[in-house]
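Take a look at the structure set out below.
The values are calculated or read from the model by the stated rules, or taken from the named source; none is laboratory data. Since this is a predicted model, take the numbers as computed values, not measurements. A quick note on method: Cβ atoms are made from the backbone with ideal geometry, for glycine too, and the neighbour counts reach across all protein chains shown. Surface areas here come from the heavy atoms of the whole protein model, side chains and all, with no ligands, DNA or RNA. Shrake-Rupley method; radii C 1.70, N 1.55, O 1.52, S 1.80 Å.
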Amino acid sequence: IWRGGSPADFELKLDYRLIGHNSGIQIRSVELPDIKWAMKGYQADSDAAQQYTGQFYEERGRGFLAMRGQFSYIGNGRKPAVVGSLGDSAELKGLIRNDDWNSLHLIARGNTLIQLLNGRVMSMLVDDDTAGRRMDGLIGIQVHLGPPMTIEVRHVRIKML
């Protein structure tokens, strides 16, 4: 968990390499007091099978928000709805480098979240659910429970907007 602040509007860029299982980058998240190192909030997901890589997920919250290739909208008190396409999920999956370095670029501005991976927009979310959304929070790297895995990050940069 990065302890340098609780950013609201920002751009986060980093390179990551995932070997095995499941991980992600938490943004606008809160630390759970009952479980050491656990967080709740938005997550740019990644997994070794590339089933979920490129999607927005809400850890310990509303679950799947925008799958790879989707532009989703969440109305106040509603569930996520797909309102547009950002490309074919299988084609976008082909841009992900297995067991190698991938460049992740996350943009959080107001109620809008955008995830770019290796230079392509993978998922986008506009969250108007005032009770469910977070407009600021912690940043962290998830190491998912389960089988052995390695997650490495480098070249981490954040720009406050």
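If the convex hull of the alpha-carbon atoms of segment 30-73 is projected onto planes in all directions, what is the mean projected area in square nanometres?
On the way: hull surface 14.5 nm².
So the Cα hull casts an average projection of 3.6 nm².
Per-residue ellipticity at 222 nm for the chain, helices alone: DSSP H runs ≥ 4 residues times -39500 (n - 2.57), over residue total, nearest 500 deg cm²/dmol?
Values: 1 runs with 5 residues, N = 161.
The helix-only estimate for the chain comes to -500 deg cm²/dmol at 222 nm.
When the alpha-carbon atoms of segment 96-161 are used, the pair Rg, Dmax equals 14.2, 38 angstrom.
Farthest toward the dipole's positive end in segment 1-160, which of LEU95, LEU65, GLY77, given Cβ charges of +1 (Lys, Arg) and -1 (Asp, Glu) about the Cα centre? Highest projection toward the positive end goes to GLY77. The lysines within cross-link reach of LYS79, meaning a Cα-to-Cα straight distance under 23 Å and a gap of 8 or more places when in the same chain, are LYS40. Under 15 Å from the Cα of LYS159, which aspartates and glutamates turn up, not counting those fewer than eight places away in the same chain? Qualifying aspartates and glutamates at Cα under 15 Å: ASP9, GLU11, ASP136. Shown for segment 119-161: the carbon plus sulfur share of the solvent-accessible area, taken with all protein chains present and a 1.4 angstrom probe, equals 59%. A straight line joining the Cα centroids of segment 28-68 and segment 112-160 runs 8 Å. Normalised by the number of residues in segment 15-161, the mean separation of alpha-carbon contacts (under 8 Å, six or more apart) gives a relative contact order of 32 percent. For segment 112-128, 3J(HN,Hα) computed residue by residue from phi via the Karplus equation (6.51, -1.76, 1.60; θ = phi - 60°) reads 10, 10, 10, 10, 10, 10, 6, x, 10, 5, 9, 7, 8, 9, 10, 10, 9 Hz, glycine and proline entered as x.
Can you tell me the convex hull volume per residue for the chain, based on C-alpha atoms, in Å³ to the nearest whole number?
Numbers: hull volume 16.9 nm³, N = 161.
For the chain, the hull spanned by Cα atoms encloses 105 Å³ per residue.
Would you mind calculating the relative contact order of segment 1-69 from Cα pairs under 8 angstrom and at least 6 residues apart, reporting the percent as a whole number?
Details: 108 pairs, mean separation 15.3, N = 69.
Reported relative contact order: 22 percent.
Sequentially through segment 87-103, phi angles give Karplus couplings (6.51, -1.76, 1.60; θ = phi - 60°) of x, 6, 4, 5, 5, 5, 4, x, 8, 7, 9, 5, 6, 9, 6, 10, 9 Hz, Gly and Pro residues having no value and appearing as x. Measure off, as a whole percent, the carbon and sulfur share of the 1.4 Å-probe accessible area of segment 1-116, all protein chains present. Carbon and sulfur: 50 percent of the exposed surface of segment 1-116. Entry comment: accessible area of the chain is 50 Å² per residue, from protein heavy atoms only and a probe of 1.4 Å.
Using a simple charge model, +1 on the beta-carbon of Lys and Arg, -1 on the beta-carbon of Asp and Glu, nothing else, what dipole does segment 1-89 show about its Cα centre, in debye to the nearest 20?
Details: 11 positive and 10 negative charges, 41 e Å.
Dipole about the Cα centre, nearest 20: 200 debye.
Using a 1.4 Å probe and ignoring any ligands, DNA or RNA, find the accessible area of TRP2 and quote it in Å² to the nearest 10. Its heavy atoms expose roughly 100 Å² to the probe.
What's the Cα-based Rg to Rh of segment 4-65, Rh via Kirkwood? Kindly include the intermediate steps, with their values, before the conclusion.
On the way: Rg = 12.2 Å, Rh = 12.7 Å.
Ratio of gyration radius to Kirkwood radius for segment 4-65: 0.96.
Net charge dipole, the chain: roughly 200 debye, given to the nearest 20, about the Cα centre with Cβ charges of +1 for Lys and Arg and -1 for Asp and Glu.
Which number comes out as Rg/Rh for segment 21-112 once both Rg and the Kirkwood Rh are worked out on C-alpha atoms? Display every interim value, and only then the final one.
On the way: Rg = 13.9 Å, Rh = 14.3 Å.
With Rh from the inverse mean 1/r over Cα pairs, Rg/Rh is 0.97.
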